[in-house]
Amino acid sequence: MAEVEEIMPRFMRVEHESSKHGGSAKLQLRLTKKYQEQLMRKGAVCLGSEEILNGEYNKGVEFERIINEINGKDFRGKDNVPFYIEGDLNINGKEVQVKFNGAQIVVERTLKNLQKRK
């Protein structure tokens, strides 16, 4: 686990949704071995073996559950609350997004819709 103030552009890749989902461009978190090692040198913490991510949900949601538990919070389960409404977790009054390697960050369509709302 590593905590960062922001997701650096070098940690992201522009990919596309499947054509079944519209084929829109999206930003995906892709931590290469090089970047994983960089985060480890900067203080990333080992939470346990990969088996701790086996559970009711996918690995990303299980990771979020573990981060909630570490911070003494009740895990509310898989939700669909948009990132622009609130974070995945509130730690000391700060909204935090929890992302597992390979996670979708945002779909271009969402950014366009937010821009229209402004």
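Treating the angle as unsigned and between 0 and 90°, give the value, to the nearest 10°, between the Cα long axis of helix 108-117 and the longest Cα principal axis of the chain.
Helix 108-117 sits at roughly 70 degrees to that axis.
Quick check: residue separation of ILE70 and LEU111 times 0.36 nm, minus the Cα distance between them. What number comes out in nm?
11.6 nm
Going by alpha carbons, how many degrees (0 to 90, nearest 10) lie between the helix axis of 59-70 and the longest principal axis of the chain?
That works out to roughly 50 degrees.
So which residue, out of ARG13, ARG30, ARG41, gets the largest mean-square fluctuation from a GNM of the chain using Cα contacts under 10 Å as springs?
Looking only at ARG13, ARG30, ARG41, the biggest GNM fluctuation is shown by ARG41.
Kindly give the semi-axes, whole Å and largest first, of the ellipsoid equivalent to the chain, taking each as the square root of 5 times a Cα gyration tensor eigenvalue. Intermediate results must be reported in sequence, preceding the final value.
Numbers: eigenvalues 116, 69, 48 Å².
After scaling each eigenvalue by five and taking roots: 24, 19, 15 Å.
Lysine pairs in the chain 8 or more apart or on different chains: how many have alpha carbons under 21 angstrom apart?
Lysine pair count for the chain: 20.
In segment 1-34, what GluC sites (Glu not before Pro) fall in a loop by DSSP, with at most 14 other Cβ atoms inside 10 Å? Intermediate results must be reported in sequence, preceding the final value.
Numbers: sites: GLU3, GLU5, GLU6, GLU15, GLU17; in loops: GLU3, GLU5, GLU6, GLU17.
Sites meeting the loop and neighbour criteria: GLU3, GLU5, GLU6.
Which whole-number percentage describes the relative contact order of the chain, with Cα contacts under 8 Å and a sequence gap of 6 or more?
30
Quick one, can you get me the convex hull of the C-alpha atoms of segment 75-118 expressed as volume per residue in Å³?
Looking at segment 75-118, the number lands at 97 Å³ per residue.
Please report the carbon-and-sulfur percent of the accessible area for the chain; probe 1.4 Å, protein heavy atoms only, DNA, RNA and ligands left out.
49
Work out from phi, with θ = phi - 60° and the Karplus expression 6.51 cos²θ - 1.76 cosθ + 1.60, the ³J(HN,Hα) of each residue of segment 99-106, listed in order in whole Hz, and give x for Gly and Pro.
10, 9, 3, x, 6, 6, 8, 6
Per residue, how many Å² of accessible area does the chain show with a 1.4 Å probe?
Result: 73 Å² of accessible area for each residue.
Provide the packing ranking of 21-29, 80-88, i.e. peptides ordered by the mean count of other C-beta atoms within 10 Å per residue, highest first.
21-29, 80-88
How would you order 59-72, 102-115 from highest to lowest mean count of nearby Cβ atoms within 10 Å? Mind showing how you got there, number by number?
Values: 59-72: 16.9, 102-115: 13.9.
Going by the mean number of other Cβ atoms within 10 Å, highest first, we get 59-72, 102-115.
The values are calculated or read from the model by the stated rules, or taken from the named source; none is laboratory data. Keep in mind it's a predicted model, so treat the numbers as computed, not measured. Virtual Cβ from ideal backbone geometry, glycine too; neighbours counted across all protein chains shown. Side chains are part of the model used for accessible areas, which takes the heavy atoms of the whole protein and leaves out ligands, DNA and RNA. Shrake-Rupley method; radii C 1.70, N 1.55, O 1.52, S 1.80 Å.
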